[in-house]
Amino acid sequence: MGGAVSAGEDNDDLIDNLKEAQYIRTESVEQAFRAIDRGDYYLEGYRDNAYKDLAWKHGNIHLSAPCIYSEVMEALKLQPGLSFLNLGSGTGYLSTMVGLILGPFGINHGIELHSDVVEYAKEKLESFIKYRECVVFSAPIRLLDLEYPAWRESHRARLGCPSSSTLSNPKPG
């Protein structure tokens, strides 16, 4: 999915295009998208596609198309203080944007199956916090224990779709 809007030269162009196509409709979602440069969540050497409305995957690391993230955020009607559960949280890009909307009193859980992706997401979160020290938000909490009942405590949830190879070859245990 994706490709619904034209490519931009930078993060602001991408967001302007998402707004023009009515994928971003609220100020809170727009502000969250503008606060986080999508290119920062790409591996070095792959950023040439960062501002296109396309999904991207390299190994286990993946990002959905920006139009998908904006539709999710708009549909969930996120508000400060709510809780959010992101199953298949990937790089943490969506979870970090959601955390900006939830604010410091929200709860933000991200569950990811692949440990290499969890480590990548932790690095991206640390970088985000380091360079934006004055931002107050609900930081994503990474959970590797898939039996943790976080869903019972969440007001909003998003299930990321695993690749077909994950579905057809589940890990034992």
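The values are calculated or read from the model by the stated rules, or taken from the named source; none is laboratory data. Values in this document were obtained by computation on a predicted structure and should not be read as measured data. Every residue, glycine as well, gets a Cβ built from its backbone with ideal geometry; the counts of neighbours run over all protein chains shown. For the accessible areas, the whole protein counts, side chains as well, though only heavy atoms, and no ligand, DNA or RNA atoms are used. Shrake-Rupley method; radii C 1.70, N 1.55, O 1.52, S 1.80 Å.
Within the range 46-65, how many residues are among the polar types (S, T, N, Q) and either open to solvent by 40 Å² or more (accessible area, probe 1.4 Å) or without any contact (Cβ under 8 Å) to a residue 60 or more places away in the chain (or both)?
Narrowing the range 46-65 to residues among the polar types (S, T, N, Q): 49, 60, 64.
Narrowing further to those that are either open to solvent by 40 Å² or more (accessible area, probe 1.4 Å) or without any contact (Cβ under 8 Å) to a residue 60 or more places away in the chain (or both): 49, 60.
Residues in the range 46-65 being among the polar types (S, T, N, Q) and either open to solvent by 40 Å² or more (accessible area, probe 1.4 Å) or without any contact (Cβ under 8 Å) to a residue 60 or more places away in the chain (or both): 2 in total.
Among the residues of the range 58-71, is there at least one that is in a strand (DSSP E or B) and farther than 24 Å from Lys130 by Cα? I'd like the intermediate steps shown before the answer.
Taking the range 58-71 first, the residues in a strand (DSSP E or B) are 58, 61-63.
Narrowing further to those that are farther than 24 Å from Lys130 by Cα: 58.
Yes.
When the range 94-108 is examined, which residues are found to be β-branched (Val, Ile, Thr), open to solvent by 10 Å² or more (accessible area, probe 1.4 Å) and assigned to a helix (DSSP H, G or I)?
We begin by selecting, within the range 94-108, every residue β-branched (Val, Ile, Thr); these are 96, 98, 101, 107.
From what is left, the residues that are open to solvent by 10 Å² or more (accessible area, probe 1.4 Å) are 101, 107.
Selection gives Ile101 alone.
Looking at the range 118-128, which of its residues are open to solvent by less than 10 Å² (accessible area, probe 1.4 Å) and modelled with pLDDT of 90 or more? Working first, answer last.
Taking the range 118-128 and keeping what is open to solvent by less than 10 Å² (accessible area, probe 1.4 Å), we get 118, 121, 128.
Residue satisfying the conditions is Ala121 alone.
Within the range 69-93, restricting attention to residues that are among the aliphatic types (A, V, I, L, M) and touching a His at 6+ places or on another chain (Cβ under 8 Å), which residue is least open to solvent (accessible area, probe 1.4 Å)? Walk me through it before giving the result.
So the first thing to find is which residues in the range 69-93 are among the aliphatic types (A, V, I, L, M), and the list is 72-73, 75-76, 78, 82, 85, 87.
Then keep just the ones that are touching a His at 6+ places or on another chain (Cβ under 8 Å); that gives 82, 85.
Working: Leu82: 27, Leu85: 6 Å².
The qualifying residue least open to solvent (accessible area, probe 1.4 Å) is Leu85.
Residue-by-condition table, conditions (1) within 23 Å of Leu14 (Cα to Cα); (2) of a type in the set (Ser, Thr, Tyr):
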position	(1), (2)
Ser70	yes, yes
Leu78	yes, no
Leu87	no, no
Val98	yes, no
Ile101	yes, no
Asn108	no, no
Arg132	yes, no
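How do the pairs read when you match residues in the range 9-37 that are β-branched (Val, Ile, Thr) with residues anywhere that are open to solvent by 60 Å² or more (accessible area, probe 1.4 Å), using Cβ under 6 Å and keeping only pairs 6 or more apart or on different chains?
Ile15/Arg34
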